[in-house]
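Here the structure comes first, spelled out in structure tokens, and everything after it is commentary.
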Amino acid sequence: MSPPPSRRSPWIWLVGMLLATWGFAPLVALIIDVAVHGGVLSGSDGGAPSADQFQYMAWIREAGMHGLIANSFELTPTHAVFLQPMFLLSGIAWRLGLGIQLAYLVWKPVAMLALLFGFARYASRAERGSARVGVLLLALFCLSPALPALDWAGQLHGATRFDWLLAVEELSPVWQLWGYPSTAIAIGLMPLALLAAERALTETGPARTRPLILATVAAALVAWLHPWQGATLALIWVGLFIWGRGAPAYRRLALPFAGTIAPLVYYEVLVHADSAWKLAQRQNVYPHLGGLALLAAIAPLALLAVPALLTPTRDLFERMTRLWVLLALVVYFATRTFPEHALQGLSLPLAVLAVAGWRRLAWGRGLAIAGIAAAIIPGAIWSGIYYRDSVRSHIAPYILTAQEHAALSFLERARGPGGVFASEYLGMAVPAFTGRNSWRGHDVWTPAFATRDLLANALLSGGMPAATARALVAHSGARYLLADCSQQLDLRPLLGAIVTAVHRFGCVTVYDVE
């Protein structure tokens, strides 16, 4: 067994600095933009423009107010049934005075540490010396060069480009640092759960108790924070038990298996018992990736892994690593609820096998360094360009203008209950920044999102008959209507007497409606 990495190992510090640079780069760029052009950081720093980060901040606010979380993207009252440990802690911090953005972003450095420590421990268990550095770099930063090559050549367009982006993004742990800290933490905890389980199976007497408890707690957190990885872990425990032919030592896996299954059962109960979770599951059904996109994302590591896979397993660690690859793909192909999430974290066992395969090929260190550079540098450059374009797209409000922030602050301070009818652009931010529900804003949690999107765009652009517009607003149950700067039309003639007051904040307008 290779020794764990020393805290003073320079390679750990170097990779940690690279990881921190990657993780904080988007936030630093946004801060500079605010300093130069003004505005307010929204807290969103996702690699792709999305409502997800605003949903997480809404969950933090909900958890801070009630402990449990309800769906904020529906004006019909929903039950508060979701308990999420990270956002509960952030919610408490928010209630104590921390800004909602910071209460969310505080998990970014935690996610970096989880990824670094978990992946470094696994890499050190697999290899010694410079080989473990190769495992760690590939596991964290590898992004298939096929994507930037084809994209820069103009060969990827529309849905195909998104398919390829999704494939490499889901397989890249560092991409999760851009807006998905809970996913990154779950991915970082997964190797720690496996290594603790290995110790629990190989130790004897009282020495096995502590790693068994650590494996159970880590596995439970993995499944709670990201159930796709929890499902993979649960299958790994079963696979190890079968591989070990049910020997007494392997029966110890019952405890981490129970810890993994408990959150998965909780999610299954939510989906069957709560209407909002039923809706989210139904609207989160997503097709599997095209074969070429999946192959291109996995191929750089998978092809090198073949020589290692052709040799017999020597110990429990090698069994776990191979089961991880196989069973993550089983979960991917078996699920219909955004199956791509099952691929997250898969780069680590693939990197372990790829480096082992490279050693068997004996192609030399110089070629290995060139290969690692090719697997990392083009993807890193492409990712930076893609992030810049995402911010400039104005699909999601990475930075709120002073007018947008003033309008949201007004809605937060306004007396009395009532939801908000808004454009998707600001609608996604309404629950997090106002504490009010939004009629639309998140494509998974908004009922009939596509239909509502068409209707709201038609109304806010003035392309809807007056009677239909008034009926739509009345049927929505909204107390306020929020029009952003892309909708300059005065809606009072269209909505007539249901508008009781108008509040203007530059080019952003809030209408009181009844």
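Some points to look at:
- The chymotrypsin sites (Phe, Trp or Tyr not before Pro) of the stretch 218-295 include none that DSSP puts in a loop with a beta carbon having at most 13 other beta carbons within 10 Å.
- For Thr500 and Leu89, the difference between the fully extended length at 0.36 nm per residue and the C-alpha to C-alpha distance is 144.0 nm.
- Of the trypsin sites (Lys or Arg not before Pro) found in the stretch 1-110, those that fall in a DSSP loop while having at most 16 other beta-carbon atoms within 10 Å are Arg7, Arg8.
- Overall, the accessible surface of the chain at a probe of 1.4 angstrom is composed of carbon and sulfur to the extent of 66 percent.
- Relative to the longest principal axis of the Cα atoms of the chain, the long axis of helix 107-126 makes an angle of roughly 20 degrees.
- Taken over the stretch 30-161, the convex hull of the Cα atoms encloses 213 Å³ per residue.
- Rg/Rh ratio calculated on Cα atoms of the stretch 337-421 (Kirkwood radius): 1.28
- Global geometry of the stretch 119-186, whether rounded, prolate or oblate, following the gyration tensor of its Cα atoms and the 1.5 cut on a/c: oblate
- Peptides 99-112, 454-467 ordered by average Cβ neighbours within 10 Å, highest first: 99-112, 454-467
- Cα-projected label distance for Val36 with Ile242, points at 7 Å along beta-carbon direction, nm: 5.6 nm
- Once the Cα atoms are used to define both axes, helix 254-273 deviates from the longest principal axis of the chain by about 20 degrees.
- The chain: proportion of alpha-carbon pairs further apart than 32 angstrom, %: 46 percent
- Ordering 380-388, 301-309 by mean Cβ neighbour count within 10 Å, with the highest value first, yields 301-309, 380-388.
- Ranking Tyr332, Tyr286 from most to least accessible surface, computed with a 1.4 Å probe over the protein chains only, gives Tyr286, Tyr332.
- Rounded if a/c under 1.5, otherwise prolate or oblate - the stretch 320-368, Cα gyration tensor axes: prolate
- FRET efficiency estimate (nearest 0.05) - Cβ-Cβ, Leu27 to Ile381, R0 25 angstrom: 0.85
- Neighbourhood net charge (13 Å Cβ-Cβ; Lys/Arg +1, Asp/Glu -1) for Tyr180: -4
- Expected 222 nm ellipticity per residue - DSSP helices of 4 or more, -39500 (n - 2.57), all of the chain, to 500: -20500 deg cm²/dmol
- Packing-based order for 43-55, 203-215, 360-372, using average beta carbon neighbours within 10 Å, highest first: 43-55, 203-215, 360-372
- DSSP-defined antiparallel bridges as percent of all bridges, the chain, nearest 5: 75 percent
- Isolated Cys in the chain, by beta carbon distance under 4.7 Å: Cys142
The values are calculated or read from the model by the stated rules, or taken from the named source; none is laboratory data. Predicted model only: the values in this text are computed from it and were never measured. So basically every Cβ, Gly included, is an ideal-geometry build from the backbone, and we count neighbours across all protein chains shown. Please note that ligands, DNA and RNA were not included when accessible areas were found on the heavy atoms of the full protein model with its side chains. Shrake-Rupley method; radii C 1.70, N 1.55, O 1.52, S 1.80 Å.
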